[in-house]
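See below for the structure under consideration.
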Amino acid sequence: MELKMPELELPKVKTEIQVCKEIEAGVRTIFTVIRISILATDDGNILGSWLMPQAFLIIEPGEQYAVSISGEQMSIEKILELAPSLKEVVEKARGIHRIKVD
């Protein structure tokens, strides 16, 4: 008699980067970039999830800079690679306004 192992389907992990709602702190505006991971089955049942802060974008009058949660140096370019949706925020802070010409 031959025993056959049942096929197991392992849950999948879906990960994405999101930017949280900005926080106003005096003259500073702080944007938090987080990594969201969700462990789910193929039929959509969520088995677990976790949020991991990655970095902060800090906007001050006349200055913008990024701070990595891990303590590593982070450039504005690097945080924009991580969270492209922040590009408009940085451009607005720098006073760069694009005018669409038809």
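No value in this document is a laboratory result; all are computed from the given coordinates. This is a predicted model, so every value here is computed, not measured. Cβ atoms come from the backbone with ideal geometry, glycine included; neighbour counts cover every protein chain shown.
Compactness of the stretch 12-93, taken as the C-alpha radius of gyration over 2.2 N^0.38 Å, stands at 1.26. Magnitude of the charge dipole for the stretch 12-93, about its Cα centre and with charges confined to Cβ atoms of Lys, Arg (+1) and Asp, Glu (-1), is about 140 debye.
Summary value for the chain: 19 percent relative contact order, contacts being C-alpha pairs under 8 angstrom separated by 6+ residues. Using the Cβ-Cβ distance between K92 and M52 with R0 set to 35 Å, the FRET efficiency from 1/(1 + (r/R0)^6) comes to roughly 0.80. Label-to-label distance, Q73 versus D42, with points set 7 angstrom from Cα along the beta-carbon direction: 4.8 nm. Go through T32, Q18, N45 and say which Cα lies farthest out towards the positive end of the charge dipole of the chain; charges sit on Cβ, +1 for Lys and Arg, -1 for Asp and Glu. Towards the positive end, the residue furthest out is T32. In this simple spin-label approximation, T29 and E9 carry label points 7 Å from Cα along the Cα→Cβ vector, and these lie 4.4 nm apart.
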